[in-house]
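See below for the structure under consideration.
The values are calculated or read from the model by the stated rules, or taken from the named source; none is laboratory data. It should be emphasised that the depicted structure is a prediction, and the values quoted were computed from it without experimental measurement. Cβ atoms come from the backbone with ideal geometry, glycine included; neighbour counts cover every protein chain shown.
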Amino acid sequence: MARRFQTTNRLSALTEINVTPLLDMAFALLIIFMITTPLLEQTIDIDLPVETQHTQPDRPAQYHVIAIDHHGDYFWDDEAVSPELLGVLLDRLAAEPDPPLLSIRADAGLPYQEVITLLDSIRRRGLTRINLETRVE
């Protein structure tokens, strides 16, 4: 008995697409975005205090971040501001009918009195929606 071997037509087009390289690239991009997205949020280098469990509520759509770095410099969102300009910005917020949430980020090595002074300044203006940010471990 003789064996028959079928030969394929080498000139015919492939009708299947190999999706393995496409999936590899999609997963690589997903991992890159998952790693870089949290890094984009924190632009000011601040060592936040640590809390043992996560009790902070999610941020609302409109909020402002007041940050104090380890030198005692103030930041409004991403911009460095003087204490006087910070007072002006807080006065503007206090004049609004529904002021947004103020999220305070203070360096863990900062003296406690600096944070209390900022909180007193905010509360004197009648702003009560305040969130103190911490690191969760």
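Taken over region 90-117, the criterion of being more than 22 Å from the chain's Cα centre (by Cα) and either touching a residue at least 12 places away in the same chain (Cβ under 8 Å) or in a loop (DSSP other than H, G, I, E, B) (or both) is satisfied by L90, D91, L93, A94, E96, P97, D98, P111, E114.
If you check D98, D77 for being on the phi > 0 side of the Ramachandran plot, out of contact with any helix residue (DSSP H, G or I) (no Cβ under 9 Å at 6 or more places or on another chain) and modelled with pLDDT under 90, only one passes: D77.
Among the criteria (1) surrounded by 14 or more Cβ atoms within 10 Å (Cβ to Cβ); (2) within 15 Å of I46 (Cβ to Cβ), the one G109 does not fulfil is (1). Filtering region 62-88 to residues that are assigned to a helix (DSSP H, G or I) and buried (at least 17 other Cβ atoms within 10 Å of the Cβ) leaves only L86. The set of residues from region 104-137 being more than 16 Å from H70 (Cα to Cα), at pLDDT below 90 and hydroxyl-bearing (S, T, Y) comprises just one member, T128.
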